[in-house]
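Chemist: Take this structure, written in structure tokens, and hold onto it; I'll ask about it next.
Nothing in this text is a laboratory measurement; each read-out follows from the coordinates by a stated rule. None of the values given here were measured: they were computed from a predicted structure. Note: ideal-geometry Cβ built from the backbone for every residue, glycine included; neighbour counts use all protein chains shown.
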Amino acid sequence: MIYMLEDEAGIRNFVIYALESSGMTAKGFETPSALREAMAQELPELLLLDRMLPEEDGLSVLKKLRSDPETQKLPVIMLTAKDSELDKVEGLDSGADDYIAKPFGTLELISRIKALLRRTADIPSEKLELGKITVYPSKHEVFANGSKVVLTLKEYDMLILLMKHRGEVFSRDDLLKEIWGYDFAGESRTVDVHIRTLRQKLGDCGDLIQTIRGVGYKAGDDIID
Ligand code: CA
């Protein structure tokens, strides 16, 4: 069950219809209070949360969800008309798992929902380690050589995916599909750019994200030529 909190009836109905047409069950809510009433009865698998709401800002709704143990880990995709970097940072800092700018296509939305559900289905609760990189998924914290590293959402998701499947090689298309939810190839440079910034942020530990020439990337500490 997917819930959507969106005050504009046109968008809400359109999205609910699109999700149901693709085989998901979904319910839309106009106000935060209506959403909370429904949540008290049944928690959704994922929430689509509009940023601009009349009663209460979407970020405030999200912060409250994150401070409640029941909904702390609920997968949330923020929807917003704004697409500024600042807005993204705010959304991610307050705990959104993904972020989609309006206007969005329903195919993109559906593939992002599926990607997020796949990703959250098997997030380990214990810490992950690779060489001197340690990740605490429950706290969303990454340390390299003992220092805290601040990653963007996509860098973080990519690191978790690679570390969870240590030694397994992911092609650029695999990573696009898993992390960005795209069901098509053709933007593989996006992956390379994120791998590059991820490695830079990991400093000396960046080498643990290995390039497999002509194939893709993997996490490992073995020596490759
Ligand atoms: Ca709105």
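Chemist: For the chain, rounded, prolate or oblate, judged on the Cα gyration tensor with a ≥ b ≥ c (square roots of eigenvalues), a/c < 1.5 rounded, else prolate if a/b > b/c?
Modeler: Taking the square roots of the gyration eigenvalues as a ≥ b ≥ c, the chain is prolate.
Chemist: Among MET78, MET163, which comes first, then next, by fewest other beta-carbon atoms within 10 Å?
Modeler: MET163, MET78
Chemist: Over 28 Å between C-alpha atoms is what I'm after, so list which of LYS27/LYS102; LYS73/LYS102; LYS27/LYS127 land there.
Modeler: Beyond 28 Å: LYS27/LYS127.
Chemist: Counting other beta carbons within 10 Å of each residue's own, what order do SER138, SER111, SER67 fall into, fewest first?
Modeler: SER67, SER138, SER111
Chemist: Another one. Can you give me the distance in nm between label points at LEU117 and ASP192, each placed 7 Å from the Cα along the Cα-to-Cβ direction?
Modeler: 3.4 nm
Chemist: Count of lysine pairs in segment 128-219 with Cα atoms under 13 Å apart, counting only pairs 8 or more residues apart in sequence or on different chains?
Modeler: Value for segment 128-219: 5.
Chemist: Additional query: Quickly work out the SER33-to-GLN200 label distance, labels modelled 7 Å from Cα along the C-beta direction, and quote it in nm with one decimal.
Modeler: A separation of 4.8 nm, rounded to one decimal place.
Chemist: A follow-up question, please. Dipole magnitude of segment 128-219 about its Cα centre, charges +1 at Lys/Arg Cβ and -1 at Asp/Glu Cβ only, in debye to the nearest 20?
Modeler: I would put it at about 240 debye.
Chemist: So, with +1 on the Cβ of K and R and -1 on the Cβ of D and E, and no other charges, what is the size of the charge dipole of the chain about its Cα centre, to the nearest 20 debye?
Modeler: Value, rounded to 20: 500 debye.
Chemist: A follow-up question, please. Of all DSSP beta bridges in the chain, what percent run antiparallel (nearest 5)?
Modeler: 50 percent
Chemist: Between ALA101 and SER171, what is the label-point separation in nm under the 7 Å Cα-to-beta-carbon projection?
Modeler: 3.0 nm
Chemist: Can you bin segment 128-219 into rounded, prolate or oblate? Criterion: square roots of the alpha carbon gyration tensor eigenvalues sorted a ≥ b ≥ c, rounded for a/c under 1.5, prolate for a/b above b/c, oblate for the rest.
Modeler: prolate
Chemist: If you don't mind, another one. Indicate the gyration tensor shape class of segment 2-119 (rounded, prolate or oblate), computed on the Cα atoms with a ≥ b ≥ c the square roots of the eigenvalues: a/c under 1.5 is rounded; otherwise a/b larger than b/c is prolate and the rest oblate.
Modeler: It comes out rounded by the Cα gyration axes.
Chemist: What FRET efficiency comes out for ARG66 versus ASP222 if R0 is 41 angstrom and r is the Cβ-Cβ distance? Round to the nearest 0.05.
Modeler: 0.60
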